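First up is the structure itself, then whatever we jot down about it.
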Amino acid sequence: MKLSIYRFDPESGKPPRMQAYEVRPEAGDKKLLDLLMRLRVQDDSLSFRRSCREGVCGSDAMNINGRNGLACLTALDGLKEPLVLRPLPGFPVIRDLIVDMTQFFAHYHSIKPWLINSEPLPERERLQSPAERERLDGLYECILCACCSAFCPSYWWNPDKFIGPSGLLQAYRFIADSRDTATAERLDFLDDVYRLYRCRTIMNCTEVCPKGLSPSHAIERIRLALLRRSS
Amino acid sequence: MDRHSRRLPMFLNLAQIRFPIGAIASIAHRVSGVLLFITLPVIALLLDASLRSEEVFALLRKLLSSPLCVVAATVPVWALVHHVLAGVRHLLMDVGVGSELARARASARVVLLAAPVVALLFLVWGLS
């Protein structure tokens, strides 16, 4: 299988380049990550992140033939050759396919991704009805791989001001949680021309989410919650 | 972004990114908006001039019905139709109508197809 991979070595002082590779998949190689691991045996200077190899840790997000995805969830069958691998678009490249996610996680941190409840602690756990629990489906599954934010034109142009689809999905995850009592404060924080309203409903986020989630739907729910509050 | 990150390269070559249909409809919305911004003042000036006298009206009418002008006018017609349809699509999606991925893809396809079809019909009508 022929591949073309983005290479960048910060110590060389040279600009990034594309390097051609050829590797033969062996029996049992089903996913792109299997092939990349085989490639690393050929060239141990090739750098990429990976950990769980089953779409849970979100480490191996990259641009695969022009679309963001997880190498561990991308089937080798049907991939167009030469397979072109580049780092996540719009993120500073540290080395090869490894990007700097500092900004991305700063946005995640800004939405206070933890449960806030000012009421006295109950004796046992805070209970939810099955319907209340169901409202978290499609939100809590986000693995913070950044495939969505790195495919969002609004995030490309305003990475420092727009929270991005991933952070906004996480923000809605806590707004939708019946046990959280900080909804008003959360909405106050998001009600900003850049933080929330840079979203133009292009829906690139939902197109590429490897977990099949819909950040654009979460953003829509936040906007409607703000609208309901103001009317 | 810290100073270290600013020195690092970044991959953001739009020609090497495979955009979904929604993104194409969105960028065409912007392009059509820019075209309308440029052409609408010209059209308003022409309308203003045509209302000054019967002679100017007749002259402009003759000029604008020339094949070259009809072909040139196809571009703002496309821009107008695309911009209105894509704008309405966005307004509906803002209130949750058709914002589910399959529907959003379908409506993007409709908008991208409808505008050239209307522009083509205008061209046929203008040249006939």
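Values quoted throughout were computed directly from the atomic coordinates according to the rules given, and no laboratory measurement underlies them. Here the structure is a predicted model, which means the values were calculated and not measured. Cβ coordinates were reconstructed from backbone atoms using ideal geometry, including for glycine residues, and neighbour counts include every protein chain displayed.
Which order do A:Leu169, B:Leu68 fall in if you start with the one that has the fewest other Cβ atoms within 10 Å?
B:Leu68, A:Leu169
Considering the dipole of segment A:47-159 built from charges on the beta carbon (Lys and Arg +1, Asp and Glu -1) around the Cα centre, which of A:Ile111, A:Cys152, A:Leu73 is farthest to its positive end?
Of the listed residues, the answer is A:Cys152.
What longest range of chain A stays clear of loop-exposed chymotrypsin sites (Phe, Trp or Tyr not before Pro) (DSSP non-H/G/I/E/B, at most 16 other C-beta within 10 angstrom)?
Counting at most 16 other Cβ atoms within 10 Å as exposed, the longest clean stretch of chain A is A:1-113.
Just subtract the alpha-carbon distance of A:Thr181 and A:Tyr197 from 0.36 nm times their residue separation and send over the number in nm, one decimal.
Separation in residues times 0.36 nm, less the Cα-Cα distance, equals 3.4 nm.
Report the gain in length on full extension from A:Glu119 to A:Lys80: 0.36 nm times residue separation, minus Cα-Cα distance, nm rounded to one decimal.
Gain in length upon complete extension: 8.5 nm.
Which residue, A:Val41, A:Asn63, A:Tyr21, has the largest displacement toward the positive end of the dipole of segment A:17-67 when charges sit on each Cβ (Lys, Arg +1; Asp, Glu -1)?
A:Asn63
Pull up the cross-link candidates among the lysines for A:Lys14, meaning alpha carbon to alpha carbon under 30 Å and not fewer than 8 places away within one chain.
Candidates past the 8-residue exclusion: A:Lys2, A:Lys80.
Take chain A, mark every one of the GluC sites (Glu not before Pro) that falls in a DSSP loop and has at most 11 other Cβ within 10 Å, then report the longest stretch left between them, sites excluded.
Value returned for the longest uninterrupted segment is A:126-231.
What's log10 of I(q)/I(0) for segment A:147-212 at q = 0.24, 0.28 Å⁻¹, Debye sum over Cα points only, no solvent?
Log-scaled intensity ratios, in q order: -1.02, -1.19.
Quick one: order B:Arg30, A:Arg223 by neighbouring beta-carbon count within 10 Å, fewest to most.
B:Arg30, A:Arg223
Roughly how far apart, in whole Å, are the Cα centres of segment A:7-79 and segment A:99-140?
32 Å
Cα-Cα pairs above 19 Å in segment A:102-230: how many percent?
47 percent
Please give the length that would be gained between B:Leu59 and B:Leu45 if that part of the chain were fully extended, namely 0.36 nm times their separation in residues minus their C-alpha to C-alpha distance (nm, one decimal).
3.6 nm
Quick one: A:Leu46, B:Leu46, fewest Cβ neighbours within 10 Å first, how do they rank?
Listing A:Leu46, B:Leu46 from fewest to most nearby Cβ atoms yields B:Leu46, A:Leu46.
Quick one: if the Förster radius is 30 Å, what FRET efficiency do A:Arg229 and A:Phe105 give, using the C-beta to C-beta distance and rounding to 0.05?
0.60
When the convex hull of the C-alpha atoms of the protein assembly as shown is computed, what volume per residue in Å³ does it have?
In the protein assembly as shown, the Cα hull volume divided by residue count equals 210 Å³.
Would you kindly calculate the translational diffusion coefficient of segment A:2-99, applying Stokes-Einstein with the Kirkwood radius from alpha carbon pairs, for 20 °C and a viscosity of 1.002 mPa s, and quote it in µm² s⁻¹ without decimals?
158 µm²/s
If you wrap a convex hull around the alpha carbons of segment B:20-127, what volume per residue comes out, as a whole number of Å³?
102 Å³
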